[in-house]
There are 2 protein chains.
Amino acid sequence: MYEQSEAFAALAARYGSRFSRSQALREQHGGGETYHAIAAPDAVFFAETTGEVADVVKLCAGDGIPIIAFGAGTSLEGHLAASRGGLSLDLTHMNKVLRISPEDLDCTVEAGVTREALNVYLRDQGLFFPVDPGANATLGGMAATRASGTNAVRYGTMRDNVLSLTVVLANGEVIRTSSRARKSAAGYDLTRLFVGSEGTLGIITEVTLRLHGIPEATAAATCRFPDLASAAQAAIAVIQYGVPIARVELMEKRLVDYTNAYSQLDLGSADTLLFEFHGSEKGVAEQVETVRGIVADEFSWATTPEERSRLWKARHNAFYAVLAARPGAKGWATDICVPISELAGSVALARDLVEKADATAAILGHVGDGNFHVMFAVDPDDPAELSRVRAVNAELIHHAIAVGGTSTGEHGIGSGKIEYMREEFGNAAIALMRALKSAIDPQGILNPDKILPPI
Amino acid sequence: MYEQSEAFAALAARYGSRFSRSQALREQHGGGETYHAIAAPDAVFFAETTGEVADVVKLCAGDGIPIIAFGAGTSLEGHLAASRGGLSLDLTHMNKVLRISPEDLDCTVEAGVTREALNVYLRDQGLFFPVDPGANATLGGMAATRASGTNAVRYGTMRDNVLSLTVVLANGEVIRTSSRARKSAAGYDLTRLFVGSEGTLGIITEVTLRLHGIPEATAAATCRFPDLASAAQAAIAVIQYGVPIARVELMEKRLVDYTNAYSQLDLGSADTLLFEFHGSEKGVAEQVETVRGIVADEFSWATTPEERSRLWKARHNAFYAVLAARPGAKGWATDICVPISELAGSVALARDLVEKADATAAILGHVGDGNFHVMFAVDPDDPAELSRVRAVNAELIHHAIAVGGTSTGEHGIGSGKIEYMREEFGNAAIALMRALKSAIDPQGILNPDKILPPI
């Protein structure tokens, strides 16, 4: 649709093969990892510097061409759909770690650095970055979707771990949202405005992150329960007791089975909690003792670093394990997050709904935060099945909102959850979000048709 | 200036004595706790419900009357100045704790509840709210200025501890910014947009807060150092070692002397660090041992709860202790926050500048965050002295920004630091902040002339 635009002609002339209209590339950039239909952009551009991003945005703004920022392409909620065509702005070539300050426990990376690449880079310094969505996402994409993961109960989400961003605005101007100070009361919180904005308010090109020291001691354990309810109750009890646990993850029995098959593990087939403890040697021992006092069930310890690493890698691959259970299927993950006192009821409701929906699915949760997923493997060509899964998702979201929770703990709204935004926020708050969007991106060229419901 | 407005006539008719034009009340509502000149509003209104706030905002919006939200009146940066007249909207009658959920570690309070009142309320439940600016501020005011205090190094600031807000917008509409979920990836982060907005984007009427369990064990200690530099270095070493310390505060020798006099303490006259440790019995013992290993200097322990409470009360009153050293003086507090690796140099620079300025002043710092204050007691009628203090403040801010820090760690911009905003953020980011302000408050009636520099 923008094939003949002056902007595309200028990009092709200036950047050669880094601007591409190949169909394979376009299709690869128009989808994510789930059931959402691919909507390919008209072209793809691989940026190498913030200056180039600014140049591209100015050119596209001149012709009113939509721009969709692209990182690892691991969106679960249709964030990458080029619903109005336009340009996919691929940031994966911007993959340099720009600066590490071990004494300040912070670093600055380009938006295309992945979380795993950063952690490899940091390991020799005794540091790590804790936010770990299942996918090996880019840090720019993680900032844009306010990602979290298994460590959030202890270390927070991207909201808490981003100190500052470099952002290219819709007019091509470049801003830095904040200083490197640990706290500041200066002006509006531009950092948090862009964290979670899903590419709709600006293009994140650099991310300054808080880092954490690798703990002196780490212990991990799996604990098997007779049923899902008792596993959920145990997690709640550990959180309410105030144990400073690093990770507590719920895997329902069928997910343990899928994961054993997919990741060649031999976890016992049961509803299971995975725990990880971080601290000093004595501190970890004390946490373990406290948790064993609370949770009387059967513990197995992952004592070597290799065992731990294998366990958590399998956990991160849980989504793919469910998909592997049904070849040819696409994923669909629910993502509600509720106050912890509502967790057990919410998990029970989810189990009940999944039974009735007659679908390939398993429950998995970052239960320390009150956040859990039903991961479905769906046939995208079966409208009846999609409709049943959609109904489960809707009912869980209605429930979450009714008990004081949210439709999405970490996956974002994208295009997949727009229909629930008014229910969660109310019309006046949605109007305010629209006013912010219009003020910052008056032409509406930045990732259109995401987050905000139609007027 | 708005005496004859229809809005004021309507307010007087509807609300009787809760709408007042008494000169004493107006003057009391037009200033804070520092050197800034009082600029009295034309009237004061004492709101009792969110609905009343919405009503008042609609009436004032109809006549274009400025509205300045008012809590405890403890602003340090001229936030309360009615520079264009208008209405001071006093929220102190909205002082109810609306809801506490011990199992979810959260609560909702009206904006006029003070931090001390909340903590008295929570104590029986084994819970506390950690954010503690020096003053006994209201939680609405603390949210509006993104306040922090001595516990921020462990528990975070208002940015981290506000889960959700009820806000009356400039058009009188009421929004709730978020759910009670611990994390969410749904939509723009409206909560963080209003936290720190200093009454310029909306009127905060209710605050939902994260709470924390009162730790099983607490220990506090003072540690004396031969000079300021070694005290600062010790604090840096403790932070860089990763001790999960609850509080680490720097008090320079002259401040210890002022505080001994003002609060009838007998701390040894020396540059001093105040430490507090929270955790399990064993955890606290281990932290103490670690810190004693790092800091070889002279420790004194505050072992009883009464001693600890007395020590921290004196610390919170440090600002008043400096003022008491010079009867009739007004306060002026600098507030830079720098990366921790820059702390020692910044404190040394501050000491040097204070020497040269020949002023009554003392240095105090939340050094775990890299944030510290020079607290001046100034003669507001001596232009030469004010000019010398202004120069110290400016030089510290230039320095902080140059080394990656911020002009204000916790006091906010108000009208006092507007002139440094462009230096800290750059013109494009300031233009973005202006665009946000115009989109949300198109008439500019909410606390005008704060935060944003002129175009």
Notebook entry, point to check: Of everything in segment A:425-434 that's more than 7 Å from every other protein chain (Cβ to nearest Cβ) and in contact (Cβ under 8 Å) with a residue 12 or more places away in the chain, which residue is surrounded by the most Cβ atoms within 10 Å (Cβ to Cβ)?
Noted result: A:I430
Checklist line | All positions within segment B:111-167 that are acidic (D, E) and either outside the structural domain of B:D189 (by TED's automatic domain parsing) or in contact with a helix residue (DSSP H, G or I) (Cβ under 8 Å, 6 or more places away or on another chain) (or both) | finding: B:D132, B:D160
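Determine if segment B:322-340 includes at least one residue that is in contact with a Ser or Thr (Cβ under 8 Å, 6 or more places away or on another chain), within 18 Å of B:S269 (Cα to Cα) and either in contact (Cβ under 8 Å) with a residue 60 or more places away in the chain or within 14 Å of chain A (Cβ to nearest Cβ) (or both).
Yes: segment B:322-340 contains one or more residues that are in contact with a Ser or Thr (Cβ under 8 Å, 6 or more places away or on another chain), within 18 Å of B:S269 (Cα to Cα) and either in contact (Cβ under 8 Å) with a residue 60 or more places away in the chain or within 14 Å of chain A (Cβ to nearest Cβ) (or both).
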Check: Which of the residues spanning segment A:100-116 are surrounded by fewer than 23 Cβ atoms within 10 Å (Cβ to Cβ) and farther than 24 Å from B:G242 by Cβ?
Finding: A:T114
Next item on the list: Give the residues of segment B:121-169 that are without any contact (Cβ under 8 Å) to a residue 60 or more places away in the chain, among the aliphatic types (A, V, I, L, M) and assigned to a loop (DSSP other than H, G, I, E, B), sorted by residue number.
Entry: B:V131
Next item on the list: Return only the number of the condition from (1) part of a helix (DSSP H, G or I); (2) within 14 Å of chain A (Cβ to nearest Cβ) that B:G172 does not satisfy.
Entry: (1)
Check: Going by the structure shown, is A:G345 within 14 Å of another protein chain (Cβ to nearest Cβ), closer than 30 Å to A:Q287 by Cα and at pLDDT 95 or above?
Finding: yes
Margin query: Anything in segment A:120-142 that is more than 17 Å from the chain's Cα centre (by Cα) and not acidic (D, E)? List them, or say none.
Written below: A:V120, A:Y121, A:L122, A:R123, A:Q125, A:G126, A:L127, A:F128
Margin query: Can you go through B:T145, B:T108, B:T150, B:T114 and tell me which one is among the β-branched types (V, I, T), more than 25 Å from B:M251 (Cα to Cα) and under 17 Å from the mean Cα position of the chain (by Cα)?
Written below: B:T114
Note to self: Here is a check on your reading of the model: is B:A296 over 17 Å from B:E410 (Cβ atoms) and either out of contact with any Phe, Trp or Tyr (no Cβ under 9 Å at 6 or more places or on another chain) or part of a helix (DSSP H, G or I) (or both)?
What the structure shows: yes
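Okay, residues lined up against (1) more than 11 Å from chain B (Cβ to nearest Cβ); (2) more than 23 Å from the chain's Cα centre (by Cα); (3) polar (S, T, N, Q):
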residue	(1), (2), (3)
A:R182	no, yes, no
A:V195	no, no, no
A:F225	yes, yes, no
A:V238	yes, yes, no
Note to self: Pairs needed: first member in segment A:444-455, within 16 Å of A:F70 (Cβ to Cβ); second member anywhere, part of a strand (DSSP E or B) and β-branched (V, I, T); C-beta distance under 8 Å; at least 6 residues apart or different chains.
What the structure shows: A:I445/A:I67; A:L446/A:I67; A:L446/A:I203; A:N447/A:I67; A:N447/A:I68
Check: Out of curiosity, is A:K437 buried (at least 24 other Cβ atoms within 10 Å of the Cβ), under 24 Å from A:A147 (Cα atoms) and within 14 Å of another protein chain (Cβ to nearest Cβ)?
Finding: no
Next item on the list: Filter segment B:361-384 down to residues that are over 26 Å from A:S101 (Cα atoms) and either within 14 Å of chain A (Cβ to nearest Cβ) or surrounded by 20 or more Cβ atoms within 10 Å (Cβ to Cβ) (or both), then give me how many there are.
Entry: 8
Margin query: Considering only segment A:135-144, I want to know if a residue exists there that is crowded, with 24+ Cβ neighbours inside 10 Å and modelled with pLDDT under 95.
Written below: yes
Check: Among the residues of segment A:403-422, is any over 27 Å from B:L105 (Cα atoms) and of a type in the set (A, V, I, L, M, F, W, C)?
Finding: yes
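Would you mind stating whether A:A402 is over 16 Å from A:G78 (Cβ atoms) and surrounded by 20 or more Cβ atoms within 10 Å (Cβ to Cβ)?
Considered against the rule, which asks whether it is over 16 Å from A:G78 (Cβ atoms) and surrounded by 20 or more Cβ atoms within 10 Å (Cβ to Cβ), A:A402 comes out as no.
The values are calculated or read from the model by the stated rules, or taken from the named source; none is laboratory data. The structure presented is a predicted model; accordingly, all values stated were derived computationally and were not measured. No Cβ is skipped: glycine too gets one built from the backbone with ideal geometry, and neighbour counts run over all protein chains shown.
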